Amino acid sequence: MSTKRPIIVVALLTFLPILACGLARPTAPVDVQATEAAARRRATLQAGALPTATWTQGPPTVRPSATVLPTATPSPLPTERPTAPVPATASPTPPLPSSPSPPPSPTTPPTATATAAKATPTSTPTLTSSPTSTPTPTPTATALPTATPTLPPPTPIPQGERIAFTSNRDGNYEIYVMAADGSSVVRLTNDPGDDQRPSWSPDGMRLAFESNRGGDFDIYVINVDGSGLTRLTDSPANDIYPAWSPDGSRLAFLSDRDGNWEIYVMNADGSGAVNLTNDPGEDWDPAWSPDGSRLAFDSDRSGNYEIYVMNADGSGLVNLSNNPAGNISPAWSPDGTRLAFASARDGNWEIYVMDADGGNQTRLTDNGAADDQPTWSPDGTRLAFISLRDGGVSDIFVMGGDGGNVVNLTNTSAEEWDPVWSPGNR
């Protein structure tokens, strides 16, 4: 299947030296899918790909696929992304056994001994019980109380406005939550696999995310305190990019279960998955409108990546961006009147905003480094996004709705991406 896509999200930590001189891709079939982090984020930002010019830095990148094609001469966007093997998922740690209680030892009962009396000529022999000595009781072992492991208290979750995101700051890709000012960072997941792309439930109590902890990528749900992990999909294909519907009853997501990346919708319990797009092109980044009636997404079905919108049942498809450059990562404003997105139309990946009908397309950021993945604050006055502007590693920034007052929220040497604002003040 096609694996092309103009994605611009995070630079490679381990592949940066290779990117400088060009990355050779395998020509043999790959047994495992690439992690979505490698497929979606780690190369194109650093490469600085332009949709209308030849690559000047680094190689194209490859989406997750069963077979990686031979390396070709770098070409304009859409691009290919290198696959990387999925790290082996460690077996879960078994629960601590309770201390066994030794069984009580039985006490030996007194034994009655029968003896025959001496016979006399004038009496009938009788049996008489001889005195029996009282045995010394055997002490009974008393069961000790079972020791219960004492778990550390959960880390307090920041209250009010929060931003969930993905980071490898602790060595691998996990889901984190922080306050909207970048403080009170809490790690929610802790697994050797890659956990990423969080999506808030409308009540702010749960997060859906993608993970390859089971081998391939599937959709999981977890409570915001890190408890209640539930696996929603269990397909031999990859299921990624969950997006919760505004009423909480459904989840949109991406899957390659039918041979290429399509947008599906399923019930919140993982049942009833339906393919909404069903097109030979690659469809990505589903985003629900605030009223739940439509889904925005990006697709290369027209030859380059554009922002589309369709009804929640897959009908009524409309191209909103209509620009020959790459246009990706749509995000609805809370009032449903605008869409933020990323585009390379001005020679660099920047954040733009347009009306919900595609009109008034306006550039918000203007920086030499690439910007992507916009997400609106609940009141619609701010946008969080990712950028390489501080040191070439992806950080999460926030800015005003007009593109002003840009602040780095994470500012670490790790890779941080996938920011998503919690609904309301929950």
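The numbers here are math on the coordinates, done by the rules we state, and not lab data. All values derive from a computational prediction rather than experimental measurement. Neighbour counts are summed over all protein chains in view; Cβ atoms, including those assigned to glycine, are modelled from backbone coordinates with ideal geometry.
Stretching the chain fully between D203 and S184 yields a gain of 4.8 nm (0.36 nm per residue, less the alpha carbon separation). Ranked by the mean number of other Cβ atoms within 10 Å of their residues, highest first, the peptides 268-274, 315-321, 367-373 come out as 367-373, 315-321, 268-274. If the segment from N319 to D346 were pulled out straight at 0.36 nm per residue, it would be longer than the present Cα-Cα gap by 7.8 nm. Computed from phi, the 3J(HN,Hα) profile of the range 376-385 under the Karplus parametrisation 6.51, -1.76, 1.60 (θ = phi - 60°) reads 7, 6, x, 8, x, 9, 9, 10, 8, 7 Hz, with x in place of Gly and Pro. With the highest mean first, a sort of the peptides 243-250, 335-342, 356-363, 381-388 on other beta-carbon atoms found within 10 angstrom per residue produces 381-388, 335-342, 243-250, 356-363. If the segment from N267 to D170 were pulled out straight at 0.36 nm per residue, it would be longer than the present Cα-Cα gap by 31.6 nm.
Does the range 268-310 classify as rounded, prolate or oblate by the C-alpha gyration tensor (a ≥ b ≥ c root eigenvalues; a/c under 1.5 gives rounded; else a/b over b/c gives prolate, otherwise oblate)? Can you show the working numbers first?
Working: a/c = 2.78, a/b = 1.44, b/c = 1.93.
Because a/c hits 1.5 or more and a/b fails to exceed b/c, the range 268-310 counts as oblate.
Each label was represented as a point 7 Å from its Cα along the Cα-to-Cβ direction; for V407 and N223 these points are 3.1 nm apart. Could you tell me which of rounded, prolate or oblate describes the range 250-323, using a ≥ b ≥ c as the square roots of the eigenvalues of the alpha-carbon gyration tensor, with rounded for a/c under 1.5 and, failing that, prolate when a/b is larger than b/c and oblate otherwise? The shape class here is oblate.
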